[in-house]
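The values are calculated or read from the model by the stated rules, or taken from the named source; none is laboratory data. Just so we're clear, the structure is a prediction, and the values are computed from it rather than from any experiment. Reconstructed Cβ throughout: ideal geometry from the backbone, glycine too, with neighbour counts over all protein chains shown. Keep in mind that these areas ignore ligands, DNA and RNA; they rest on the heavy atoms of the full protein, side chains included. Shrake-Rupley method; radii C 1.70, N 1.55, O 1.52, S 1.80 Å.
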Amino acid sequence: MAAALRVMPALIELHASNNMLDECIPPDYLHNVTFLNLDSNLLTWPDVAPLGSLPNLCTLHLSNNRIDRIAVPKGSFSRLESLVLSRNSISDVRIPFARTVFCSSDVRQWDSIDALDDLGGLRDLRIGYNPLVTDPLVSRVARDLIVGRVAGITQLNGSQVRKRCFDMCN
């Protein structure tokens, strides 16, 4: 794939899903890419982390890979606005950069939700089909708990979040 990318220096969108990739595409050939789809491969976070150096990457799809945790150094993924993490086995999320995050399949800890509050630009969060929100003891209040923990979201699982102000003094 690197040989093909070498002759496409102006490439801005790349779909490389369902390719059984177990190592990531070298970032050297992706400097102009704004949209990268790596869904349904065999990638882990250490495989993907070098993409954090891409100066123009705005959207990154990583559904259905082997990502079980995320650790991102500050300054990485500086332009990333949308991140799709569905169908991985993520148990802890600590990402200080994205505006949109889609997570599903195995987010188990409320610490992961708390970490999403650090994403100041995060507006749209899709986190359905995770044990965290499908647990019968939690499912009835999960939406309120998430909205309370992630201050900036305006959409949660495709539904608008409306902010209400309560004046406790009156």
| note | When every residue in region 125-148 that is open to solvent by 80 Å² or more (accessible area, probe 1.4 Å) and more than 19 Å from N88 (Cβ to Cβ) is compared, the one modelled with the lowest pLDDT is L137
| field | Among the residues listed as N56, N32, N18, the single one being open to solvent by 20 Å² or more (accessible area, probe 1.4 Å), assigned to a loop (DSSP other than H, G, I, E, B) and over 29 Å from N157 (Cα atoms) | value | N32
| query | Looking at region 76-83, is at least one residue within 13 Å of E23 (Cβ to Cβ) and charged (D, E, K, R)? | reply | no
| remark: For region 154-166, the count of residues that are surrounded by 12 or more Cβ atoms within 10 Å (Cβ to Cβ) and at pLDDT below 80 equals 2
